[in-house]
Amino acid sequence: MNTLTFPTHEELSQKVAELVFESIQKKLGEQGTFILGMATGASPKRMYSVLVELLGSSKLDLSRLHTFNLDEYYPIKQSHPKSYFQEMYTRFWKPLHEKNPTFEIPNGHILSGECGNPNLECRIYEHMIKSLGGIDLQILGLGTNGHIGFNEPGSPADSRTHVIDLAIESREANKIYFDGDLDKVPAQGLTMGIETILEAKEVILMVTGNGKEDVFDKLTHLSSPTSKIPASFLLNHPCARIFTDIPKL
């Protein structure tokens, strides 16, 4: 994978936001529908703020922009302040709609952590992505154990959107959002599968933040994918790039 290294998180975020904006602008300008795959967490947070400004101040008709989130905790109410639904609503959908009302909040799609039938929810999500033409550009973050989305180590390459038990490392990393209490972190998640992610036309993996150095070093030295580091399956993607502010070890 092509790796671009930036001196600061701000510069990394600015560049990724500009690239995403240009991709959206180009396809919408051609009267197409653009499907943006989105990640949550700290890595893309600043990038989303910049992207909201770029899209919000543009004259683009965003009615044909759809977003699909990678994952969601399960079970969790959408009204829960730490649900990924709330994170995306407050961080991206609502501010973008306020700046450019042509973006319709219902076009922001996310798996429901309060659904009664999670397996059915996952199948419906897959169908929705395919019915809109597939993901044009997928944003990913890298977990400290190498996960992408909630695809934990051991996840198979042919996995589709599914229910998964969260690894203890992932729950430990996320407990800061749940008052530091591991017991409050949901034990499962709903996530796009590896194969679903690999079907995106383009992928940007943002590698930034504390505790990523070791797994990033392992990832950059791999010549072939391994389920021990799910992000390594991106080596099989024809258009996947890494953007990082971590100097190569």
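Among the listed pairs Lys27/Lys59; Lys82/Lys201; Lys82/Lys175; Lys45/Lys212, give every one whose C-alpha distance is greater than 19 Å.
Pairs exceeding the cut-off: Lys82/Lys201.
I need the shape label for segment 164-223. Rule: rounded when a/c is under 1.5, else prolate if a/b > b/c, else oblate, with a, b, c from the alpha carbon gyration tensor.
Since a/c reaches 1.5 but b/c is at least a/b, the shape of segment 164-223 is classed as oblate.
Among the chymotrypsin sites (Phe, Trp or Tyr not before Pro) within segment 105-209, which fall in a DSSP loop and have no more than 11 other Cβ atoms within 10 Å of their own Cβ?
Filter output for segment 105-209: empty list.
What ³J(HN,Hα) values, in whole Hz, does the Karplus curve 6.51 cos²θ - 1.76 cosθ + 1.60 give for segment 59-73 when θ = phi - 60°, with x put for Gly and Pro?
9, 5, 7, 8, 5, 9, 9, 10, 10, 10, 7, 4, 7, 7, 5
Over the chain, what is the percentage of antiparallel beta bridges among all DSSP beta bridges, to the nearest 5?
30 percent
Under a Cβ-Cβ cut-off of 15 Å, what is the net charge of the residues other than Ile176 that fall near it, where Lys and Arg count +1 and Asp and Glu count -1? Mind showing how you got there, number by number?
Working: positive: Lys45, Lys82, Arg171, Lys175, Lys184; negative: Glu87, Glu169, Glu172, Asp179, Asp181, Asp183.
Local net charge: -1.
Once the convex hull of the alpha carbons of segment 85-216 is built, what does its volume come to per residue, in cubic angstrom?
For segment 85-216, the hull spanned by Cα atoms encloses 137 Å³ per residue.
Using the heavy atoms of the protein chains and a 1.4 angstrom probe, tell me the accessible area per residue for the chain in square angstrom.
Roughly 44 Å² per residue, with all protein chains present.
Amide H of Glu202 versus every other amide H placed in the peptide plane: which residues, excluding those fewer than 5 positions away on the same chain, fall under 5 Å?
Counting only residues 5 or more places away or on other chains, the set is Leu137, Gln138.
Roughly to the nearest percent, how much of the accessible area of the chain is carbon and sulfur, given a 1.4 Å probe?
In the chain, the share of accessible area belonging to carbon and sulfur is 52 percent.
Hey, got a sec? Which trypsin sites (Lys or Arg not before Pro) in segment 1-67 land in a DSSP loop and have at most 16 other Cβ atoms within 10 Å?
Working: sites: Lys15, Lys26, Lys27, Lys45, Arg46, Lys59, Arg64; in loops: Lys59.
Qualifying residues, ordered by number: Lys59.
Heavy atoms only, probe 1.4 angstrom, no DNA, RNA or ligands counted: give me Asp183, Asp217, Asp165 ranked by accessible area, highest first.
Details: Asp183 135, Asp217 45, Asp165 105 Å².
Heavy-atom accessible area, descending, gives Asp183, Asp165, Asp217.
The values are calculated or read from the model by the stated rules, or taken from the named source; none is laboratory data. If you're wondering where the values come from, they're calculated on a predicted model, not measured in any experiment. Positions of Cβ are generated from backbone atoms using ideal geometry, with glycine treated the same way; all protein chains shown enter the neighbour counts. All accessible areas refer to the heavy atoms of the entire protein, side chains included, with ligands and DNA or RNA removed. Shrake-Rupley method; radii C 1.70, N 1.55, O 1.52, S 1.80 Å.
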